[in-house]
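Take a look at the structure below.
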Amino acid sequence: MAEGSSSVLFLPKDTKVSFVKPPPEDLDVYCKKCHIFMQNPHQTSCCGVHICKSCQESAKATCHFCPPGKYVYNAFPDRAHQRRITALEVHCIHRAKQCEWSGKLEDLSAHLNYREKELFKRYEGCSYTEIKCKHNNCGFFYQRWKLKEHEDSCEYQPATCEHCGVHKRTLKEVKTHYNSCPKFPMSCTNKDHKDFKIQREKLQYHLDFDCPFQPIDCQFKWAGCNDRPKREDEDQHNATSLQKHLLLLAGACVKLQNENKEMGEQSKKKNEELRDEFKKENEELREQLQRESEDLRKKLESDKEHLRKQLNEATQKLNSLTEIVKKLNHTVFGDLPVTGDENNPVRVTTDCQPVFFFSDNYKFRMSVQFGKFKIWGGHNFEFKVYRDGHRVIPEVTKIKIRSDKCDPHILEINAADLAKYFRAEVCENVYYVYIPGKYKVEDSVSIMKVS
């Protein structure tokens, strides 16, 4: 057996095999069911018929040749039968394409070599076997003797632009890229300079500034010379056309003088028109400003008078509110007595009953009790202050009290000196002040002033 051969064949299913000599009459080489050449013969256990592997797999436990249910169907690979078949001499299946190979059937697969995925062996074998191109997106099949040539020039092979080195696609796309590649070498568009090559991105600069064969405008075009000499012939053109250029320059100077005179007249006329227009607009603007100023003055006078009336009304309201506040200062807590001077004191008896009063100097409701408390011995004076209905810490600076039982009769109690002079102490938001002297039930003291 040749190297690399095998008793198992790997051929297309419908392969037509051409034998060098007719096979023996007792050797079945074609499937009894589908009549196609058998690559992997199987023999039925019931009737001994040889069928191909495909027919065996589709039989579904039923023999095609025996009566149904007569025998138990089974089929198995017949290796001995396969060895007899693979030992037969055959021609290459591409004999019609001039392939002259012949050999044992078991070597035919190796000769045809359909292993296209093994790239290092894809070019070995029958020259007429069709192999798929290795490049993606191609999909064409070529006979092996043409395959290498095709793959080397396949337009789907990977490629990189040789000019810019940036565009990396397939060869087909790269060729299309050449039509726009900025580095692609282009021939100069001037026929006398067509052998000159330059990159596409530099071609226009070459034509505008460098190419000696590029036609250019005469430097006296503005004067009327319409000749377009080649760049290399510019000096020669100027030398041979000197008289022509002088005549054109003279004509251009006369024309410029006429145009300058005409422009001067037009400018003068335009300036006069603008002056008249400006004068008219200035007059209109002055009249408009005068009207707006007069309107504004009248409006300001009207607003001033209106504001004066509002100010008078507000002053009257403020005076009225001041009077109301003065009254409220005396009546906010009802008909409480008000003390503010020695002629209008608040009298407090020794019965320990609270007396509520109000002071002009200290604008909160206050209460005093006079009698014997458990804080100290003797008679004491309890002073409280209320704000928004709640008792708060008194923040008075001076309390002026009159008592006929003590000496002197007028006591001025400063908040900072209460404890020092009068044994007073703040307790639970209350001032307790000791009043010297001996008092009876009907006796009293007077609150002269609280500030």
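Please treat every number below as a calculation from the coordinates, not as lab data. All values derive from a computational prediction rather than experimental measurement. With ideal geometry, Cβ positions are generated from the backbone for all residues, glycine too; neighbour counts draw on all protein chains shown.
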- Would you please put 438-445, 311-318, 125-132 in order of how densely packed they are, using the mean number of other Cβ atoms within 10 angstrom per residue and starting with the highest? 125-132, 438-445, 311-318
- Note on the structure: The base-10 log of I(q)/I(0) that the Debye equation returns for the range 134-249 at q = 0.16 Å⁻¹, one scatterer per C-alpha, is -0.84
- Given the range 233-326 reduced to its alpha-carbon atoms as identical point scatterers, what log10 I(q)/I(0) does the Debye formula return at q = 0.13, 0.14, 0.17 Å⁻¹? -0.80, -0.83, -0.93
